[in-house]
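Participant: Take a look at this one; I'll ask things after.
The values are calculated or read from the model by the stated rules, or taken from the named source; none is laboratory data. Just so it is clear, the structure is predicted and the values come from calculations on it, not from any experiment. Reconstructed Cβ throughout: ideal geometry from the backbone, glycine too, with neighbour counts over all protein chains shown.
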Amino acid sequence: MVMVWVDWRHAMFGIGTTELVIILAIAIFVFGASRLPALGKGLGSGMRNFRDAIKGVSEEDAADGGKLDKKKNDGGDAEDV
């Protein structure tokens, strides 16, 4: 049996403190310190919108009881064309 020891300092994608500092320094160098807050705000807003959209779709599915509309299941009769 193989036992794996998880070091919680490196649990997030295998990135440690030193690597995070290096990534932050590169981001500041590339984008500039004044643009980082705006980039973070835009990223957070996009993630929030995505999460809300996914939540809305799952709520619609739950309201339908997991059933598709009859129009989607009728197979497309020739009269509908």
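Participant: Is it true that Val4 is at pLDDT below 55 and loosely packed, with under 10 Cβ neighbours inside 10 Å?
Facilitator: Numbers: at pLDDT below 55: yes; loosely packed, with under 10 Cβ neighbours inside 10 Å: yes.
Taking the combined requirement at face value, the residue satisfies it.
Participant: Condition (residue is at pLDDT below 55 and not charged (D, E, K, R)) applied to the stretch 10-20: is it met by at least one residue?
Facilitator: The answer is yes; a qualifying residue exists.
Participant: For Ala25, indicate whether it is modelled with pLDDT under 75 and either assigned to a helix (DSSP H, G or I) or touching a Ser or Thr at 6+ places or on another chain (Cβ under 9 Å) (or both).
Facilitator: Working: modelled with pLDDT under 75: no; either assigned to a helix (DSSP H, G or I) or touching a Ser or Thr at 6+ places or on another chain (Cβ under 9 Å) (or both): yes.
For Ala25, the condition - modelled with pLDDT under 75 and either assigned to a helix (DSSP H, G or I) or touching a Ser or Thr at 6+ places or on another chain (Cβ under 9 Å) (or both) - is not met.
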